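One structure below.
The values are calculated or read from the model by the stated rules, or taken from the named source; none is laboratory data. Because the structure is a prediction, the values reported are computed rather than measured. All Cβ positions, even for glycine, are placed from backbone atoms using ideal geometry, and neighbour counts span all protein chains on display.
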Amino acid sequence: MGDHGWGATMARHRSDSRAGLSAGIGDGLADAARDRLSKAVTELRRLTEDQLFRELGRLTDADDIGSISGLNGASVPKLPDWSSEHVRTVAELEAAIRCCRLIEQELRQQRDVLLPSSHEQPGTLAEHGHRRPREKSHRMSMAGWLKVVSPRSRPAHKQSGKVTTPSPTAGKRALRASPATAPAAPSGSGADIAARTLGPLELNVAGNHVARWSSQKARRLFQYLLIYHGRPVRRDVLMGLQWPDHTPTSARNNLNVALHSLRNTLDGPWQGLQPVLYRDGCYLLNPALTWWIDREEFLYALHQAQLSRVSSHLREAIPYYENAIGLYRGPLFEDDPDGDWYLPEQRHLNDLYLEALEGLGEIYFDLGELTSAERFGQQALTSDPCCEPAHRLLMRCYALEHKQQLVSRQYRLCVDVLHDELGVAPGAETLRVFQSLTSAST
């Protein structure tokens, strides 16, 4: 996920390493490397706790899924909740993979520092010495991969202090950067293929902008593969997505034509590498290429911001929130009016964007920087005028500034917009905040 942000961070790490070497390989370099490695290992241990693997087992155990009883019309509304639970599990799994990739990169970098006889540059290792093993690792089926990482394949006793390293199938990413090194809304210019999905779809292949698509079916297949980046997608799923009313033979033929067009669109100086792979009845974006996808950058930045915030490191959370907000240009695939399969994800990402604005506004409020808090509260209301947390935030800011008239005006705006747009009254929390702020001034 998000290879440009990872690449920029690792480039800075390598630059720092060289500077330390020219000064005599100071202790600060080794301490920094150990600190990065320690954070990655700690986060990986957290992510691979038994709870994650229990959820993973539920997600992948066909026998358990097949034994579900009472699946009828009444239980159908529960399916979105189950789906959301599975999506969260997959997100945790992908985060664990990113940790493994960071550990691999840190160890490789330290090896290069300690072994001056190695003539390969860090950037060429992935291109030459590690390409063939990497390809081999991706031929492992999902079931085989799960056996590697699942506790079911481990000894019964708890392996204290050991880290299980799954196959590195996701993009490279720094687990955690300090505010000084957090990248500001990266553009993906260093990636083989960069895709902006938040807002109108924009695609760059080998640094060249793709101005138009020769096939809209190819574009929509690409959109689906982007959302499920890092995970194989079954052929019949893609056929049903685009050609639900066709015969299997007709749908398969149309899929082959669309995939041919997509591969031509994604073609670049990849030395014979196919950008879209077909394995065991599934398609996936080739992990041997470097991908930058703004949605993945967005989710990663929010995850890091939330980690910093719950740890009471408010200042550390700010650049991550700002990165996420800067990446969000608009709703997912905003320029595709005919698609509907991505609408739940579109709503989910929009909710996360609002939460980022609210969270950043709350941080600035807690830090006493009321002007910034008001700015992000207003930005949230520009996106969604019915956002009650943003109305409450602005009322609290105005109260601290002794602007009681603005407190009352903001509450009235909240009442009016909720009535006009949704036909409801403000929630109990909004009413309580307003009453507490106005009663304190009387």
Within segment 311-341, restricting to residues that are hydroxyl-bearing (Ser, Thr, Tyr) and modelled with pLDDT of 95 or more, the one that is surrounded by the fewest Cβ atoms within 10 Å (Cβ to Cβ) is Tyr328
Condition met for Thr442 (of a type in the set (S, T, N, Q), modelled with pLDDT of 95 or more and not assigned by TED's automatic domain parsing to the domain that holds Leu370): no
When Arg315 is evaluated against the numbered criteria (1) in the same structural domain as Val210 (by TED's automatic domain parsing); (2) among the charged types (D, E, K, R); (3) in contact (Cβ under 8 Å) with a residue 60 or more places away in the chain, which criterion, by number, is the only one it fails? (1)
Do the conditions hold for Leu262, that is, is it modelled with pLDDT of 95 or more, closer than 23 Å to Glu202 by Cα and assigned to a helix (DSSP H, G or I)? yes
Just to be sure I understand the filter: pairs with C-beta atoms under 7 Å, separated by 6 or more residues or on different chains, first member in segment 398-416 and closer than 16 Å to Glu388 by Cβ and assigned by TED's automatic domain parsing to the domain that holds Phe376, second member charged (D, E, K, R) and assigned to a helix (DSSP H, G or I). Which pairs pass? none
Please enumerate the residues belonging to segment 378-397 that are of a type outside the set (A, V, I, L, M, F, W, C), more than 26 Å from the chain's Cα centre (by Cα) and over 17 Å from His419 (Cα atoms). Arg396
So, in segment 334-352, exactly how many residues are touching a residue at least 40 places away in the same chain (Cβ under 8 Å) and touching a strand residue (DSSP E or B) at 6+ places or on another chain (Cβ under 9 Å)? 4
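Okay, residues lined up against (1) farther than 20 Å from Pro232 by Cα; (2) charged (D, E, K, R); (3) within 14 Å of the chain's Cα centre (by Cα):
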residue	(1), (2), (3)
Leu273	no, no, no
Gly281	no, no, no
Trp292	no, no, yes
Arg295	no, yes, yes
Val310	yes, no, no
Glu334	yes, yes, no
Pro337	yes, no, no
Glu345	no, yes, yes
Here's a check for you: in segment 398-442, which residue that is more than 17 Å from Gln378 (Cα to Cα) and of a type in the set (Ser, Thr, Tyr) is surrounded by the fewest Cβ atoms within 10 Å (Cβ to Cβ)? Thr442
Checking Ala288, Ala218, Ala195 in turn, the sole residue that is in contact with a Lys or Arg (Cβ under 9 Å, 6 or more places away or on another chain), surrounded by 16 or more Cβ atoms within 10 Å (Cβ to Cβ) and closer than 30 Å to Gly359 by Cβ turns out to be Ala195
Among the residues in segment 332-351, are any out of contact with any Ser or Thr (no Cβ under 9 Å at 6 or more places or on another chain), in the same structural domain as Leu307 (by TED's automatic domain parsing) and among the polar types (S, T, N, Q)? yes
Answer yes or no: is there a residue in segment 433-441 that is in contact (Cβ under 8 Å) with a residue 12 or more places away in the chain and part of a loop (DSSP other than H, G, I, E, B). yes
